[in-house]
1. With the dipole of the chain worked out from charges on the C-beta (+1 for Lys and Arg, -1 for Asp and Glu) around the Cα centre, which of 41, 75, 25 lies farthest toward the positive end?
2. First check a/c for segment 26-98, with a ≥ b ≥ c the square roots of the eigenvalues of its C-alpha gyration tensor; if it is under 1.5, answer rounded, and if not, answer prolate when a/b is larger than b/c or oblate otherwise.
3. If you place +1 on the Cβ of every Lys and Arg and -1 on the Cβ of every Asp and Glu, how big does the dipole about the Cα centre of the chain come out, in debye to the nearest 20?
4. Using the alpha carbons of the chain, what is the convex hull volume per residue in cubic angstrom, as a whole number?
5. Compute the label zone of residue 16 within segment 109-140: residues whose backbone N is under 14 Å from the point 7 Å along Cα-to-Cβ.
6. Just the ratio, please: alpha-carbon radius of gyration of segment 70-126 over 2.2 N^0.38 Å, N its number of residues.
7. Could you tell me what percent of the accessible area of segment 1-103 is made up of carbon and sulfur, with a 1.4 Å probe and every protein chain present?
8. What does the accessible area per residue of segment 87-140 come to in Å², with a 1.4 Å probe and no ligands, DNA or RNA counted?
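The values are calculated or read from the model by the stated rules, or taken from the named source; none is laboratory data. Keep in mind it's a predicted model, so treat the numbers as computed, not measured. Ideal geometry is used to build each Cβ from the backbone, glycine not excepted, and the neighbour counts take in all protein chains shown. SASA here: full protein model, heavy atoms, side chains in, ligands and nucleic acids out. Shrake-Rupley method; radii C 1.70, N 1.55, O 1.52, S 1.80 Å.
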Amino acid sequence: TSGGVVTSASDTVTVNTNNSTGYTLTLEDNDATTTLVSGGNTFTAHSGTFAAPTALANGTWGYAVASAGGFDASYSTENSNGSSTSKWAGVPASGSGVTLKTTGSAASNDTTTVWWAAKANTSQPNGTYSDTVTYTATTN
């Protein structure tokens, strides 16, 4: 639609550590370019942040972690949702990672679900858009 629709899906990050002080999980783009690309067409990283996420604008993409930072309490898969009000943040460039989670004890199969979404309107060309992000778990 001309007003745009949101489509989303999720990743699950699983961490194991025997470090008694836990770990910190971060996220960043694999390089300095934070756009989803399909040939010469792009979705730019959304302007919302981890602390202050907002609804996606047309032609943008972002991530969310339920109940972390300023994100909504829950997320679910959206398929061409024209009335989405879910809140999202833009992925930071390489070298400017954002902390998604910090734990304070050893972890066994500790999971974090990271949601991903893009908002497109009828002017966005069809295509397979992609980018690479990096999740890093570091012991505390």
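1. 75
2. oblate
3. Computed charge dipole of the chain: roughly 200 debye.
4. 101 Å³
5. Counting only backbone N, you get 109-111.
6. Output field value: 1.50.
7. That fraction is 47 percent.
8. That works out to 52 Å² per residue.
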